[in-house]
Amino acid sequence: MAPAKAILFGEHFVVNGSRAIATALGLWTQATAYEKPSWPIELESPALGLRCVTGPELSCSSREAAPLLAVAKALRGAGVDVPPARVIISSEAPASAGLGSSASSSAALASALAGLAGADLSREELYQVVMEGERAAHGNPSGVDPAAVIYGGTIIFRKGAGVVGTISPSLSVPLIVADSGARRSTSAPVLSVIRFLDRIGGLRDSMIGLVEQIIDLASDAIRKNSLEDIGNLMNINHGLLSAIGVSTPELEELVHAARRAGALGAKLTGAGWGGSIIAIAPPEKTNDVVSALSARSRWVRALKAGAEGARVVEASN
C-alpha cells in the first residue's frame, strides 16, 4: 500500500530548478495481489474503470494501464521475477486531483508484485521502478510525487538530486484538502509553465530564487510549528502559482473560502488547471474551514500529514 501526497511548497518551480516540500497524506492506495498458476496478469481498478489482461509481454490496449504496465516492466528489468497474478487496486484518493494518485497506484502495485515474488526492494530501487510509471503517465516528471509516497514523512526534494532533506516533526495540525472536481492532465500545465518562464527571461531566475527562499523559510517554520508563518508562506506561494497561470476560478473560490473561514493559509496543490487546494487552520477553526469548503466541493478531508511511506502489508496466494 502507498499514501497519497500533497506538495506544500514549490510545485511547478521544482520542475524548473527549485526545491519543493511535499508530504505523504494519510490517504491510502492498496494493491491486493493474488498469485495465479499461469498467465495472464489481470489488473483491475474499479475506481479508475480500469481492467487490463496481459501475457508475459506486459502490454494491453488500455491507455490508462500504461503507467502500471511500465512499472511491471521496470520490476522485471530490476531482476524481479514478476509472477502471473490478479491485482485489484483500490484508492481513497480521487484520481487526477493533484494528490499523486498515479504515483501512489504505481508504488502500491510495485510493492504488491515485488512482495508476491519474494523480492525485497530498497526504497531507492522502488523509486526507480515507480519513476518509469510516472514517465509513462506524465512524460518528464520531477520525481517529487514518487519520492513523497515512497519515503513518506515530509521531504525536501530537488529534481535530479532526489530527497535532499526531511522535516520532522511534520505539520502539527491536519492538512485540509478540497478537490475542485475539475480534471486535467499534469503534462499540459507543466509545459505551459515551462514556456511561460522561458518568455519572461531574466525574471525566471528571480522567481525561482524567491521560491528557494520560501522553501528555506517554510522548512524552518514547520520545524518550529509556527502555523501563522506557514500559512503566510502558503498564501505567497499560491500568489506565484496564480501569476504563472495555473490557478482557475474554481480553485480561487476554494482558496478564498478557506481563508474567509479562518484558514491561516491556502493554496492550490499539484499541477493546477483543476485538482485540489490545501489549507491549514488553527485547531479551533479546522471544522469551520472544512464546512466552508464542503459547501463548494464534494470531496473535502482533514488529513494527517507526514504519513508512513509505501510498504508491503500482505501478499496473498
For ALA161, state whether it is within 13 Å of the chain's Cα centre (by Cα) and either surrounded by fewer than 24 Cβ atoms within 10 Å (Cβ to Cβ) or closer than 25 Å to ALA178 by Cβ (or both).
-> no
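When the residues of the range 294-313 are narrowed to those that are within 15 Å of the chain's Cα centre (by Cα) and either of a type outside the set (Lys, Arg) or in a strand (DSSP E or B) (or both), which ends up surrounded by the most Cβ atoms within 10 Å (Cβ to Cβ)? Don't jump to the end; show me each part of the working.
Of all residues in the range 294-313, those within 15 Å of the chain's Cα centre (by Cα) come to 303-310.
So of that shortlist, the ones also either of a type outside the set (Lys, Arg) or in a strand (DSSP E or B) (or both) come out as 303, 305-310.
Numbers: LEU303: 22, ALA305: 25, GLY306: 22, ALA307: 22, GLU308: 14, GLY309: 20, ALA310: 27.
Filtering first and then ranking leaves ALA310.
Among what's in the range 27-68 and is among the polar types (S, T, N, Q) and either open to solvent by 50 Å² or more (accessible area, probe 1.4 Å) or assigned to a strand (DSSP E or B) (or both), pick the residue that is nearest to GLY272 (Cα to Cα).
Taking the range 27-68 as the starting set, the residues that turn out to be among the polar types (S, T, N, Q) are 29-30, 32, 38, 45, 54, 59, 61-62.
Now restrict to residues that are either open to solvent by 50 Å² or more (accessible area, probe 1.4 Å) or assigned to a strand (DSSP E or B) (or both): 29-30, 32, 38, 45, 54, 59, 61.
Values: THR29: 22, GLN30: 26, THR32: 31, SER38: 43, SER45: 25, THR54: 34, SER59: 31, SER61: 29 Å.
My answer is THR29.
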For helices (runs of 4 or more DSSP H) lying entirely in the range 169-269, having 1 or more residues that are under 20 Å from VAL289 (Cα atoms) and at pLDDT 95 or above picks out 227-243, 249-260
Subset of the range 120-149 [part of a loop (DSSP other than H, G, I, E, B), open to solvent by 10 Å² or more (accessible area, probe 1.4 Å) and touching an Asp or Glu at 6+ places or on another chain (Cβ under 8 Å)] = PRO141
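Inside the range 249-293, can you point out the residues that are open to solvent by 60 Å² or more (accessible area, probe 1.4 Å) and without any contact (Cβ under 8 Å) to a residue 60 or more places away in the chain?
To start, the set of residues in the range 249-293 that are open to solvent by 60 Å² or more (accessible area, probe 1.4 Å) comprises 249-250, 253, 256, 259-260, 273, 283-285, 287-288, 291.
Result: PRO249, GLU253, HIS256, ARG259, ARG260, GLU284, LYS285, ASN287, ASP288, SER291.
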Those residues of the range 210-226 which are surrounded by fewer than 19 Cβ atoms within 10 Å (Cβ to Cβ) and touching a residue at least 24 places away in the same chain (Cβ under 8 Å), in sequence order = LEU210, GLU212, ARG223, ASN225
Only one of ALA97, ALA24, ALA6, ALA72 is at pLDDT 90 or above, part of a helix (DSSP H, G or I), open to solvent by less than 10 Å² (accessible area, probe 1.4 Å) and not acidic (Asp, Glu), namely ALA72
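Scan the range 172-179 and give yes if some residue there is of a type outside the set (Gly, Ala, Ser) and more than 25 Å from SER96 (Cβ to Cβ), otherwise no. Talk me through it step by step, then tell me what you get.
Within the range 172-179, the subset of a type outside the set (Gly, Ala, Ser) is 173-177, 179.
Going one step further and asking which of them are more than 25 Å from SER96 (Cβ to Cβ), we end up with 173.
For the range 172-179, residues of a type outside the set (Gly, Ala, Ser) and more than 25 Å from SER96 (Cβ to Cβ): present.
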Is it the case that the range 199-209 has a residue that's out of contact with any Asp or Glu (no Cβ under 6 Å at 6 or more places or on another chain), open to solvent by less than 10 Å² (accessible area, probe 1.4 Å) and among the basic types (Lys, Arg)?
-> no
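The values are calculated or read from the model by the stated rules, or taken from the named source; none is laboratory data. As the structure is a computational prediction, the values presented were derived from the model and not from experiment. Using ideal geometry, Cβ is built from the backbone for each residue, glycine included, and neighbour counts are taken over all protein chains shown. Only protein heavy atoms, including side chains, enter the accessible area calculation; ligands, DNA and RNA are left aside. Shrake-Rupley method; radii C 1.70, N 1.55, O 1.52, S 1.80 Å.
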